[in-house]
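Worksheet for the structure shown next.
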Amino acid sequence: MKPWETLERAEVPDVGEVTLARRGDEYVFRVRGQTLMSSRQHGSEEALAEAGCEGLAGRSGVRVLVGGLGFGYTTRAVLDRLGPDARVTVAELLPVVVTWNRGLLAPLAGAPLEDPRVTVVELDVGKHMARQSGTYDAILLDVDNGPTALTHPDNHGLYGRVGLAHAVQALRPGGVLGVWSAGPSPAFERRMEQAGFTVQVLHPAAHGTKGTRHTLFMGKRRPQGRR
Ligand SMILES: C[S@@+](CC[C@H](N)C(=O)[O-])C[C@H]1O[C@@H](n2cnc3c(N)ncnc32)[C@H](O)[C@@H]1O
């Protein structure tokens, strides 16, 4: 088997070493040596977009927040489902990831950042949500391995009560919060319900139709005060 070739390496304050490596046509993004994303598997990243954009396709003025960027598969799948007047904000914590997506990673997902409907915000998506009020029809979060398996310890807050309250605040009434996870988390599902979402849990295949499955928590924002 061919060895991994490290293409890019960066030291990010408060995060540590991040690397981009390639073996043949596969790319891997690692944070402190732990794989956060591989280009070999992106079925569930696209399924997140599909489930989150259900019902938005024919509507005008749609606004979607994607956090984070990764290799751009979720962002591409969102763009492919929305009309020409949609606006998609991508919040990405690591500026180096944005640089890679504007360069050598751009072809992987059809250069989503070149789409004029996209605005990139180089910021923690939690901080971005905290500054919004009734802005988005859908918020799609794939920033880590899930509520219980963190690569960035600071992401803990996103999956807690405060993070979920910020998501509720950032959504338009009836808006949808989708959260990607490597596996199930009944405790997180309960927290979403308590925060004001009606939750559906999906288990799309990581790649193709067989093998590993990931978990998507899809929450529809209930009208305030309803259980
Ligand atoms: C698993 S990747 C996302 C994969 C993406 N769904 C795709 O389709 O390629 C996670 C991304 O989230 C970013 N990230 C991690 N924590 C974040 C945060 N708090 N806010 C914004 N982006 C974050 C990481 O730098 C990385 O680019």
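Laboratory data are not the source of any read-out in this text; all were calculated from the coordinates shown. Predicted model, so just to flag it, every value in this text is computed and none were measured. Reconstructed Cβ throughout: ideal geometry from the backbone, glycine too, with neighbour counts over all protein chains shown.
Quick look at the values:
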item: Table column - 3J(HN,Hα) (Hz), the range 76-81, Karplus curve with 6.51, -1.76, 1.60, x for Gly and Pro; result: 4, 5, 5, 4, 5, 9
item: Sparse-neighbourhood loop sites, trypsin sites (Lys or Arg not before Pro) in the range 78-134 - DSSP loop, at most 15 other Cβ within 10 angstrom; result: R131
item: The range 40-221: relative contact order in percent, alpha carbon pairs under 8 Å with at least 6 residues between; result: 23
item: Fraction of antiparallel bridges per DSSP, the chain only, in percent to nearest 5; result: 60
item: Summed side-chain charge close to A182 - residues other than A182 whose Cβ falls under 14 Å, Lys, Arg +1, Asp, Glu -1; result: -2
item: Packing-based ranking, highest mean first, of 188-196, 71-79, 2-10, 25-33 given that Cβ atoms within 10 Å are counted; result: 71-79, 188-196, 25-33, 2-10
item: Along each principal axis, Cα extent of the range 89-227, largest first, Å; result: 46, 38, 27
item: Summed residue charge, Cβ within 15 Å of G83's Cβ, Lys/Arg positive, Asp/Glu negative; result: 0
item: Residues E114 and A10, FRET efficiency given R0 of 25 Å [Cβ-Cβ distance, rounded to 0.05]; result: 0.65
item: Cβ-derived FRET efficiency at R0 22 Å, T148 paired with T212, nearest 0.05; result: 0.85
item: Signed unit charges on C-beta, dipole axis of the range 40-221, positive-most listed residue G157, A47, P173; result: P173
item: Cα centroid separation - the range 121-193 against the range 1-18, whole Å; result: 26
